[in-house]
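Sharing a structure below in structure tokens format, with a few things to ask.
The values are calculated or read from the model by the stated rules, or taken from the named source; none is laboratory data. Just so we're clear, the structure is a prediction, and the values are computed from it rather than from any experiment. Glycine also receives a Cβ, built like all others from the backbone with ideal geometry; neighbour counts cover every protein chain displayed. In case anyone asks, the SASA skips ligands and DNA or RNA and just uses the protein heavy atoms, side chains included. Shrake-Rupley method; radii C 1.70, N 1.55, O 1.52, S 1.80 Å.
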Amino acid sequence: MENITNINEQKPILELKNLSVSYQPGKNAVDNVSVDIYPNTITAIIGPSGCGKSTLLRAINRMHDLYPNIETSGEIFLKGKNVLETNPMDIRRMAGMVFQQPNPFPTMSIYDNVLSGYKLNGIKLNKKEKDEIVEQSLLSVALWDEVKDVMSKRGSFLSGGQQQRLCIARALALKPELILLDEPTSALDPISTNKIEELLFQLKSKFTIIIVTHNMSQAARIADNTMFMYLGELVEYGNTTQMFTKPKNKRTEDYLTGSFG
């Protein structure tokens, strides 16, 4: 495939160069992907199940380091830092991750959930700093007014949609450069999904967002740019509206029109 990276005149915040990830020798789950992601944009990654979407996302913040036998090759640069040669904890502070199922730490209070990244990184804060970070992070996800009087309750006390916003607040608390979301609304009802989508719109003024989604309507609603992946390959990358109305690749067109395979 011809590599399409220059879709924007800005300097990219994230650069993937010939990135491959394999779970077993000789078979790449992500195969030689090169792409530039630009600041203050929402990029959707779409494609059928098993095409490498989540694998690509997890490679960005070194999640694969937590599992043996996963091989990563190529290069990833985040704000000019070589991700594969930087301390993984530093990278995870720069690239916050939110998963499919809301996963607040069940034994922690709402307050401590927001601050958990600092605790895990061994970063000491005084009470005033903690209070400010918690309030600001919860305000950022429109959750402060809903929880400010029950901060000592466990995160699991909240509804599914509230829990997912808490997880986003937890990622934001460390002031990352990137927010990586792996199907963050697939376990939520339509009202909660709508709240998360509105939230992402607001957050992109301060953060760069990459979202894996099976929901093509969601990609069309919220993403500035979209990556279509198939069998580990990046088939097409570009402006979402343009891709959804005039895809350049026949496989993209077939997938978007439901006649794929």
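Applying 1/(1 + (r/R0)^6) with R0 = 51 Å to the Cβ-Cβ distance of Lys79 and Ser152, what FRET efficiency is obtained, to the nearest 0.05?
E(calc), rounded to 0.05, equals 0.90.
In percent, what relative contact order does region 150-261 have, based on Cα pairs under 8 Å that are 6 or more apart in sequence?
Here the relative contact order equals 17 percent.
Counting only residues 5 or more places away or on other chains, whose amide H sits under 5 Å from the amide H of Ile13 once H atoms are built in the peptide plane?
Ile37, Tyr38
Next up: Assign one of three labels to region 91-189, namely rounded, prolate or oblate, based on the Cα gyration tensor with a ≥ b ≥ c the square roots of its eigenvalues; rounded applies when a/c is under 1.5, prolate when it is not and a/b is larger than b/c, and oblate otherwise.
oblate
Highest GNM mean-square fluctuation, the chain, Cα pairs closer than 10 Å: which of Thr213, Thr86, Thr55?
Thr86
For Lys27, give me every one of the aspartates and glutamates with a C-alpha distance below 17 angstrom, ignoring sequence neighbours fewer than eight places off in its own chain.
Output for Lys27: Glu71, Glu233.
Rounded to the nearest Å, what's the spacing between the alpha carbon centres of region 208-261 and region 110-189? Just the number, please.
30 Å
How much length is gained on full extension from Lys248 to Gln24, taking 0.36 nm per residue of separation minus their Cα-Cα distance?
That pair, Lys248 and Gln24, stretches by 77.5 nm at full extension.
Under a crude label model (7 Å from the Cα following the beta-carbon direction), how far is Gln136 from Ser49 in nanometres?
Taking the two extended label points, one gets 4.2 nm.
Ignoring ligands, DNA and RNA, please state the percent of accessible area on region 195-261 from carbon and sulfur, probe 1.4 Å.
Of all accessible area on region 195-261, carbon and sulfur atoms account for 50 percent.
In the structure shown, do any of Lys81/Lys250; Lys127/Lys195; Lys17/Lys248 have a Cα-Cα gap over 26 Å, and if so which?
From the list (Lys81/Lys250; Lys127/Lys195; Lys17/Lys248), the Cα-Cα distance tops 26 Å for Lys81/Lys250; Lys127/Lys195.
Short version: ³J(HN,Hα) in whole Hz for each residue of region 213-224, in order, from phi by Karplus 6.51 cos²θ - 1.76 cosθ + 1.60 (θ = phi - 60°), x for Gly and Pro, what are they?
With coefficients 6.51, -1.76 and 1.60, one gets 8, 8, 8, 5, 5, 5, 4, 5, 6, 10, 8, 6 Hz.
Over the chain, what relative contact order in percent results from Cα pairs under 8 Å that are six or more residues apart?
Contact order relative to length: 27 percent.
Can you tell me which lysines have their Cα less than 22 Å from the Cα of Lys130? Leave out same-chain residues fewer than eight positions away.
Lys119, Lys148, Lys153, Lys175, Lys206
Shifting gears a bit: To check you understand DSSP bridge types, tell me what percent of the beta bridges within the chain (both residues inside) are antiparallel, rounded to 5.
60 percent
Percent antiparallel among DSSP beta bridges with both residues in region 107-261, to the nearest 5?
Restricted to region 107-261, the bridges split so that about 60 percent are antiparallel.
Output wanted: per-residue J couplings in Hz (rounded whole) for region 30-46, from phi through Karplus 6.51 cos²θ - 1.76 cosθ + 1.60, θ = phi - 60°, x for Gly and Pro.
So the Karplus estimates, Gly and Pro as x, are 10, 10, 6, 8, 10, 7, 10, 10, 9, x, 6, 10, 10, 10, 9, 10, 10 Hz.
Between Thr241 and Lys11, what is the FRET efficiency for a Förster distance of 25 Å, r being their Cβ-Cβ separation, to the nearest 0.05?
0.60
Roughly what would the spin-label model give for Glu198 and Asn69, points 7 Å off Cα along C-beta, in nm?
4.6 nm
Could you work out [θ]222 nm for the chain from helices alone, using -39500 (n - 2.57) per DSSP H run of at least four and dividing by all its residues? Round to the nearest 500 deg cm²/dmol.
Taken over the chain, the calculation gives -10000 deg cm²/dmol.
From the square roots a ≥ b ≥ c of the eigenvalues of the alpha-carbon gyration tensor of region 95-152, which class results: rounded (a/c under 1.5), prolate (a/b over b/c), or oblate?
rounded
Under a crude label model (7 Å from the Cα following the beta-carbon direction), how far is Arg221 from Glu129 in nanometres?
Here the answer is 3.9 nm between the modelled labels.
For the chain, find the longest principal axis of its Cα atoms and tell me its angle to the long axis of helix 160-172, 0 to 90°, nearest 10.
Taking the Cα atoms of the chain, the angle to 160-172 is about 90 degrees.
Rounded to two decimals, what ratio of Rg to Rh does the chain give with C-alpha atoms and a Kirkwood Rh?
Dividing the radius of gyration by the Kirkwood radius yields 0.97.
³J(HN,Hα) across region 176-182 via Karplus (A = 6.51, B = -1.76, C = 1.60, θ = phi - 60°), whole Hz, x for Gly/Pro?
After applying 6.51 cos²θ - 1.76 cosθ + 1.60, I find x, 7, 10, 10, 9, 10, 9 Hz.
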